[in-house]
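Participant: After the structure tokens below, expect a handful of questions from me.
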Amino acid sequence: MRWSLNLGSVGGTAIRIHVTFLLFLVWLGAIYYRQGGAEAAWQGTLFIVILFLCVLLHELGHVFAARRYGVKTRDVTLWPFGGIASMEQMPEKPSQELIVALAGPAVNVVIAAGLLLWLGPRLDPQNLTQIENPAVSMAAKVAGANIILVVFNMIPAFPMDGGRVLRALLAMRMGNARATEVAATIGQGFAVVFGILGIFYNPMLIIIALFIFLAASGEAAQAQLRAVAQGALVSDAMITEFQSLGTSATVNDAAEALIRTTQTEFPIVDGSGKLRGVLTRDAMIKALKERGPETPVLDVMQSDIPTVPARAKLDTALRSLMQKGRPVVGVTDAQGRLIGLLTVENLGEMMMVHSARPEVPGGPWGNARG
Ligand SMILES: [Zn+2]
């Protein structure tokens, strides 16, 4: 992820801080300095470091809970409003997702409860809400900060943990895709409320609102795609009617094909039917301008195009299409010959068809499979 710094790793999970988290820390530090000079700034910095550790422990709560269900986490990135653990996937079972989502806030509940017990009667409950007040004891501030972390993270909106808890609870009653849709709508409602509150009270809320809104849309789109891909094979979704180019073709031949067809990516196929690479429209236009029409397509194509067998599961193919950022994935038959293409655009069309079609018993692909 860009705009984040690597701090090291815990059990195979990289720990990163997002730049906005650093800005948030600097902002808090400045407030302390203004209020009480160097001594307060030192105390403030210590508090900030402890706060940072609490957020990190929260994230590791998620990471270790997910590991119980065999889900690995590549990295944890800390943002001003908590952290995001980029897990390979969330556990499919709602009960497991519920536990993974709750494991983070549970860590902060334990920290806060421990500190409250330790403080006992010495604690003035008012102090818990005054974490920016240098006169308040460190233990009370850290307890207060942990309570705020719990409350904030349990807001039922993606990417907050509360959003996942809500989705998991809904998914126990309705399907996963429908539950995500409902949870995302509720989350976007919260985002709008935050945005309006932010205009009047705190501009930071507007940024958070925007982030929640985008995360909710992304989550909904991904869940929809997963629902459509579930149980489908690559052959259900691939493009089978397309124009390909031979290995001796020139950029000029490609340009003619571009005009004749609606395609924007052209596979280059050799004599034995194997995929050698793909020439995109952008690469073609660039080559035409800079290297001339007689340039062989082999010189300007993108050659590291992944291929999948037609009988492979669609969700595996989806992963290689999205993660590797390639324009297309080639689909091959048992002999390794190119018989189809998968593009993001045609998957989008497939989703449109799927959502317009009435529900078919036995899942969306029940009929096609026979
Ligand atoms: Zn969390």
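The values are calculated or read from the model by the stated rules, or taken from the named source; none is laboratory data. No experiment lies behind these values; they were computed from the predicted model shown. Cβ sites come from the backbone with ideal geometry, for glycine too, and all protein chains shown count toward neighbours.
Participant: Starting from segment 51-72, keep only residues that are more than 26 Å from residue 141 (Cβ to Cβ), then list their pairs with residues that are more than 15 Å from the ligand (Cβ to nearest atom) and modelled with pLDDT of 90 or more whose Cβ atoms are within a distance under 6 Å, requiring at least 6 positions of separation or different chains.
Facilitator: 69/96
Quick grid of which residues meet (1) away from the ligand (no atom under 16 Å from the Cβ); (2) touching a helix residue (DSSP H, G or I) at 6+ places or on another chain (Cβ under 8 Å); (3) hydrophobic (A, V, I, L, M, F, W, C); (4) at pLDDT below 80:
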| position | (1), (2), (3), (4) |
| --- | --- |
| 28 | yes, yes, yes, yes |
| 44 | yes, yes, no, yes |
| 62 | no, yes, no, no |
| 73 | no, yes, no, no |
| 77 | no, no, no, no |
| 87 | no, yes, yes, yes |
| 106 | no, yes, yes, no |
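Participant: How many residues are surrounded by fewer than 17 Cβ atoms within 10 Å (Cβ to Cβ) and of a type outside the set (Lys, Arg) if we restrict to segment 258-267? Steps first, please.
Facilitator: First, the residues of segment 258-267 that are surrounded by fewer than 17 Cβ atoms within 10 Å (Cβ to Cβ): 259-262, 264.
In the following step, the residues that additionally are of a type outside the set (Lys, Arg) were identified as 259, 261-262, 264.
Number of matching residues: 4.
Participant: Right, next: Within the set of pairs 6+ apart or on separate chains, which have a first residue in segment 273-287 that is free of Cβ contacts under 8 Å to residues at least 40 places away in the same chain, a second that is surrounded by fewer than 18 Cβ atoms within 10 Å (Cβ to Cβ) and small (Gly, Ala, Ser), and C-beta atoms under 6 Å apart?
Facilitator: Sorted first by the residue in segment 273-287, then by its partner, the pairs are 277/303.
Participant: Give just the number: which of (1) outside any helix (DSSP H, G or I); (2) within 15 Å of residue 135 (Cβ to Cβ) does residue 14 not satisfy?
Facilitator: (2)
Participant: Going by the structure shown, is residue 236 surrounded by 15 or more Cβ atoms within 10 Å (Cβ to Cβ), acidic (Asp, Glu), closer than 16 Å to residue 297 by Cα and touching a residue at least 24 places away in the same chain (Cβ under 8 Å)?
Facilitator: Numbers: surrounded by 15 or more Cβ atoms within 10 Å (Cβ to Cβ): yes; acidic (Asp, Glu): yes; closer than 16 Å to residue 297 by Cα: no; touching a residue at least 24 places away in the same chain (Cβ under 8 Å): yes.
No; evaluated as a whole, the condition is false for this residue.
Participant: Output the residues belonging to segment 321-338 that are surrounded by fewer than 18 Cβ atoms within 10 Å (Cβ to Cβ) and modelled with pLDDT of 70 or more.
Facilitator: Correct list: 333, 334, 335, 336, 337.
Participant: Could you grab me the full set of residues in segment 100-115 that are surrounded by fewer than 18 Cβ atoms within 10 Å (Cβ to Cβ) and either in contact (Cβ under 8 Å) with a residue 12 or more places away in the chain or in a strand (DSSP E or B) (or both)?
Facilitator: So in segment 100-115, the residues surrounded by fewer than 18 Cβ atoms within 10 Å (Cβ to Cβ) come out as 106, 109-110, 113-114.
Result: 106, 109.
Participant: For segment 159-197, how many residues are in a loop (DSSP other than H, G, I, E, B) and closer than 25 Å to residue 129 by Cα?
Facilitator: Number of matching residues: 2.
Participant: Something else: Among all residue pairs at least 6 apart or on different chains, which show Cβ distances below 9 Å where the first residue, located in segment 341-370, is closer than 19 Å to residue 264 by Cβ and the second is modelled with pLDDT under 50?
Facilitator: none
Participant: Which ones in segment 29-42 are surrounded by fewer than 17 Cβ atoms within 10 Å (Cβ to Cβ), under 37 Å from the mean Cα position of the chain (by Cα) and within 14 Å of residue 136 (Cβ to Cβ)?
Facilitator: 31
Participant: Moving on to the next point. Go through segment 171-207 and give me each residue that's within 17 Å of residue 101 (Cα to Cα) and in contact (Cβ under 8 Å) with a residue 60 or more places away in the chain.
Facilitator: Selection gives 171, 172, 176, 179.
Participant: Another one. Any idea which residue in segment 46-60 is modelled with the highest pLDDT, counting only those that are away from the ligand (no atom under 16 Å from the Cβ) and of a type in the set (A, V, I, L, M)?
Facilitator: Here the answer is 50.
Participant: Mind telling me which of the residues 173, 164 ends up being under 19 Å from residue 79 (Cβ atoms) and among the basic types (Lys, Arg)?
Facilitator: Details: 173 fails: under 19 Å from residue 79 (Cβ atoms).
The unique qualifying residue is 164.
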